[in-house]
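See below for the structure under consideration.
The values are calculated or read from the model by the stated rules, or taken from the named source; none is laboratory data. Keep in mind it's a predicted model, so treat the numbers as computed, not measured. Cβ: placed from backbone, ideal geometry, glycine included. Neighbour counts: every protein chain shown. Keep in mind that these areas ignore ligands, DNA and RNA; they rest on the heavy atoms of the full protein, side chains included. Shrake-Rupley method; radii C 1.70, N 1.55, O 1.52, S 1.80 Å.
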Amino acid sequence: MALLRNTLKSLLSSSEPAVLNLPCLHTCKCSYVNVYMKWKKDSYYDSIPHITNSPFLKPITSLINIISQDPNGCIPVSVVTKRGLELDIPMKVARFLRLYPSIFEEFVGPQYNHPWFRLTPQALELREEELAVYQDRREDIWMRLKKLILMSRGRVLPLRAIRGLRWYLGLPESSFDKGVDSDLGFELVEMEDGEKGIRLVSDERVFSVMEINAMMKGTWGDEEEGSTKAIEFPLYPSKGLRLKKKIEDWIDEFQKTPYVSPYEDSSHLDPCSDISEKRVVGLLHELLSLFIEHSAERKELLCLRNCLGLPQKFYKALERHPHIFYLSLQNKTCTAILKEAYNHNSGMEAHPLLKVRKKYVKLMKESEVILKNRRMMHRGVHDEDVCFNLNLDSTEGDTKI
């Protein structure tokens, strides 16, 4: 103790500046970046039709695309029998097609009595509406891909990753069959690991959804100070979700943390700091805002970790912020949902392509009614046959007596 007192006296009395290397001077403020947040079920987000049916709607639209591209408008089942894994079909393709008679009509082919399938008039009508949306909103859909590339490292994304996100971005399935359209500002390049990637020719200045909303509300400063200005995320607590007081206090402090745009370089940030956490949350918020359904399976987000320069356990941010994101565990998978998009008070508008997908879901529900009626008719015919056989047996018995 005396040694410490003498050291302090000598340092304070010295005229030259000295660096104090005391343990107490290296103590930093405690943060809840690594906090564990208990998951709370929310039936509202678990029952959104186009999200819960998305794992089935995605292969349905792929099959619709294959059938509609055929010159005859119909295909034998053998054309897609071995493509079940490629199309993410969770069962045998023929059985999957027969599950949706309101979309796929089965008939006997001209040769060998093989089952053939064509689209029903309702499905054809929706397909035409979908193609019209692709044509009318072409610039908007490709702008979503541009923003995704601008968030990535080196402004380039592997073609493999982009194809895996076509459903979420709303890109047509034949987007890259004929190469990359240079008129849209894209360029096909060879990446370091040998695979092909897509890069933007020009480096555009874009604003995130959070920044645009702040501008509309008048809480945004000038462009120079915008990157360091604190922008608060809109919070939507689920019913019955209660957080500890110290976590609520941390969330309040987190909201006051400067906002770093996902389109800006973040390599200088400390990965264990709250500002880095807010940058990750902001990137996830922007990413889900770009997606048509404002949701995505967590495994698909994990595939983007290296491309977007995210920390190893960035998915924990989805769990630490239940007022911003919701994790749905339906269909034996984990789906991240942006709560803001499904709140009536938010300014996010539904994309026209999402409206078409909702119509597809309604058409899928009609298949359940058709199959139920078929089972009832089959059961009624079976019961009539049983009664008829019983009557015959009774008549024969009377004759013998």
With +1 on the Cβ of every Lys and Arg and -1 on the Cβ of every Asp and Glu, the dipole magnitude of region 118-206 about its Cα centre, in debye rounded to the nearest 20, is 280 debye
Simple SL model, points at 7 angstrom along Cα→Cβ for Asp183 and Ser273; separation in nm is 4.6 nm
Nearest-0.05 FRET efficiency for Trp39 and Glu195 at R0 = 41 Å, using Cβ-Cβ distance, is 0.70
Relative contact order in percent for region 232-310 (Cα pairs under 8 Å, 6+ apart) equals 21 percent
Most packed first (mean Cβ within 10 Å per residue), the peptides 247-256, 272-281, 207-216 order as 272-281, 207-216, 247-256
Extension length gain for Gln122 and Ile370 (0.36 nm per residue less Cα distance), in nm, is 87.9 nm
In nm, the gap between the two label points placed 7 Å beyond Cα toward Cβ at Arg242 and Met215 is 4.3 nm
Distance in nm between Val206 and Ala132 label points, each 7 Å along Cα→Cβ, equals 2.8 nm
Per principal axis, largest first, the Cα atoms of region 40-135 extend in Å by 55, 32, 22
Expressed in Å to one decimal, the Kirkwood Rh of region 280-343 from all distinct alpha-carbon pairs is 11.8 Å
Sorted by accessible surface (1.4 Å probe, heavy atoms of the protein chains only), largest first, Glu105, Glu195 come out as Glu105, Glu195
